[in-house]
Amino acid sequence: MRLSRRGLMAASAAGAAALSMPSIVQAQGARELRFIPHADPTSLDPVWTTADITRNHAHLVYDQLYGMDENFRPHLQMLAGATTSADGKLWEFTLRDGLKFHDNEPVRAQDVVASIQRWWMRDAYGSVVRSRTDEIAVVNDKTFRMRLKQPFVLLPEALAQPACVVMPARIAATDANTQITDPTGSGPFRFLPGERVSGSRVGYARYDGYVPRTDGQTSFLAGPKVAHFERVTWTFQPDPATAAAAMQKNEYDWFEAPSIDLLDVLKRDRDIQLRILNRMGGIGCIRFNHLHAPFDNVAIRRLVQACVNQKDFMEAVAGADPSLYRTGVGLFAPGMPMASEAGTEAVAARIDFAKVKQELTAAGYKGEKVVLLGPSTIPSLHAQSQVTADLLRKMGFNVDYLALEWGAVVTRRASKEPIDKGGWSIFITNLTSLSNVFVPANIAIRSGPTAWFGWPDAPKLEELREAWLNAPDEAEQKRLARELQLQSFRDVPHVPTGHFLGPAAFLKNLTGIQNGWPVFWGVRRATA
């Protein structure tokens, strides 16, 4: 249902308590950027979780060795330079001058090595680097080296992945399976723990000790990261109508993810601009727990896949503007080099549910409870969760649908326990970020006990992924990406539910907003 401007203003009044700002914040005016994120960052550790909101937090407070530009090419960021040996196996990296952490300690090669070693224990692309590295070692405070088992020209691309951030060695020493609690970084903004209100507010201040690059142009995560605002304040609002109304009253500058039904209303406001910043978009995902019944059974997973209608899911997400979604989607975002429609006929949109119920029993389903974790505070996920619950019930599953705020889903999906001990069967998410672009970064196709939540056993996917990494050219990469997608539809680690793009809303007096997920350097408020 679409809301009128009057309805939005009423919603704003109703939600005033949730969005009210301290007078000190209001008084800062042009010095502060006021942002409404898509979720509240339950975790502050970008290595421990793949949640997009934690990634966005991380790129305020941390910096990276390489920065990815808006065309997904890596550039030197914290590095002054990198050299390789003639055989391509030895890489030596040198840090830029002037790099400091927020506690004013210098960034050293020891910090970088510890950060890479923590990152590669959990990250999909990081595991590739770990498996191909014979040695990573400190040469001196500003230099480290990596000795590889074989040439690997994709190393800069790997080190530019969003979770490969540099922490102090004392923090990076934390086991990768344990969340860090100290977000000390060396990025352009520092986290303000005294302003953190769980579930509502996060505060950041410009770090005056940050030294931006002086060469190149700012493009997404690459180039000079110049912080023009003294502060960035995130205020999460679970009700999109209330958030949109606050935007119309100029109480906030930037609304990351307005629901599709509100776009027409926001578009009519002369002070607000709508723009698709992130062409990676989101691929909806029904993610199975492969450790426990019933989804340890591939025949049952395939039956769910056969009953999914991507159009039903995407209409629930973006039916108000069909130009924003695509169906016939597999592992990668449409328009990306590795994208294809290979195997998508497996998502067959079956509706003969009487027969499906018989096939479900024949496949081995014994009426086990299916615990569905449905995020309720992110509109696109809430819509897909409801469609999933309805579909599973029509198929004959015994569904326990838990509508939870996103942070609770992030925490619970990490559990490998059985259902009766707090486990889960399915969670709904959107596959986003560089996972939709690069094969090695695609978290949904990893296999084994250290894989992404769900822990599928799919050795053929691992075999094809390794072949892709060794492909001699892009033509062979594309062929293998098609094979990977075909195999994914056979193994069914998850079911893709379609691809959609979501415009961001921001006041027209903001300039310098980068394409990609939200980053806060380069952004200015234009003067009248």
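Amide hydrogen proximity for Leu90: with H placed 1.01 Å from N in the peptide plane, the residues at 5 or more positions away or on another chain lying under 5 Å are Ser85, Leu148.
Note on Ala86 and Ala363: the extension gain reaches 94.2 nm, defined as 0.36 nm multiplied by sequence separation minus the Cα-Cα distance. Placing unit charges on the Cβ atoms of the charged side chains and taking the dipole of the range 260-367 about its Cα centre, the candidate lying farthest along the positive direction among Ala339, Leu262, Gly281 is Ala339.
The overall shape of the range 187-291 is rounded: from the C-alpha gyration tensor, with semi-axes ordered a ≥ b ≥ c, the ratio a/c is less than 1.5. Considering only the chain, what is the antiparallel percent among its DSSP beta bridges, to the nearest 5? The antiparallel fraction comes to roughly 75 percent.
For Lys357, the lysines whose Cα falls under 24 Å of its own Cα, not counting residues fewer than eight places away in the same chain, are Lys311, Lys366, Lys369, Lys394. Using the Karplus relation 6.51 cos²θ - 1.76 cosθ + 1.60 with θ = phi - 60°, the per-residue 3J(HN,Hα) values for the range 441-453 come to 8, 6, 6, 7, 9, 6, 10, x, x, 9, 6, 4, 3 Hz, with x marking Gly and Pro.
Based on the Cβ-Cβ distance of Asp390 and Val211, what FRET efficiency does E = 1/(1 + (r/R0)^6) give at R0 = 45 Å, to the nearest 0.05? Efficiency at R0 = 45 Å is approximately 0.25.
Tell me the mean residue ellipticity at 222 nm calculated for the chain from its helices only (DSSP H runs of n ≥ 4, each -39500 (n - 2.57), averaged over every residue, nearest 500).
Roughly -8500 deg cm²/dmol at 222 nm, from the helical runs in the chain.
Peptide packing: for 162-175, 33-46, the average count of neighbouring Cβ atoms within 10 Å per residue gives the ranking 33-46, 162-175, highest mean first. In terms of surrounding Cβ atoms within a 10 Å radius of their Cβ, Thr327, Thr178, Thr429 rank from fewest to most as Thr178, Thr327, Thr429.
Give the calculated FRET efficiency between Lys249 and Asn71 to the nearest 0.05, with a Förster radius of 41 Å applied to their Cβ-Cβ distance. The formula returns an efficiency of 0.65 here. The H on the amide N of Val370, modeled in the peptide plane, is under 5 Å from the matching H of Asn398, Val399, Asp400, each at least 5 residues off or on a different chain.
Legend: calculated FRET efficiency, Lys149 to Thr178, from the Cβ-Cβ distance at R0 = 35 Å, rounded to 0.05, equals 0.75. Farthest toward the positive end of the dipole of the chain, out of Leu360, Ser435, Tyr66, is the Cα of Leu360, where the dipole comes from beta carbon charges about the Cα centre.
Under the criterion of Cα pairs below 8 Å and six or more residues apart, the relative contact order for the range 282-500 equals 36 percent. Would you please classify the overall shape of the chain from the alpha carbon gyration tensor, given that a ≥ b ≥ c denote the square roots of the eigenvalues, rounded means a/c under 1.5, and beyond that prolate means a/b larger than b/c while oblate covers the rest? In terms of gyration-tensor shape, oblate. Once you sort the root eigenvalues of the Cα gyration tensor of the range 66-172 as a ≥ b ≥ c, which label holds: rounded (a/c under 1.5), prolate (a/b larger than b/c) or oblate (the other case)? Verdict is rounded for the range 66-172.
Each reported figure results from applying straightforward, stated rules to the coordinates on display, with no laboratory input. The shown structure was predicted, so the numbers you read here are calculated from the model rather than taken from an experiment. Don't worry about glycine lacking a Cβ; one is built from the backbone with ideal geometry, like all the others, and counts go over all protein chains shown.
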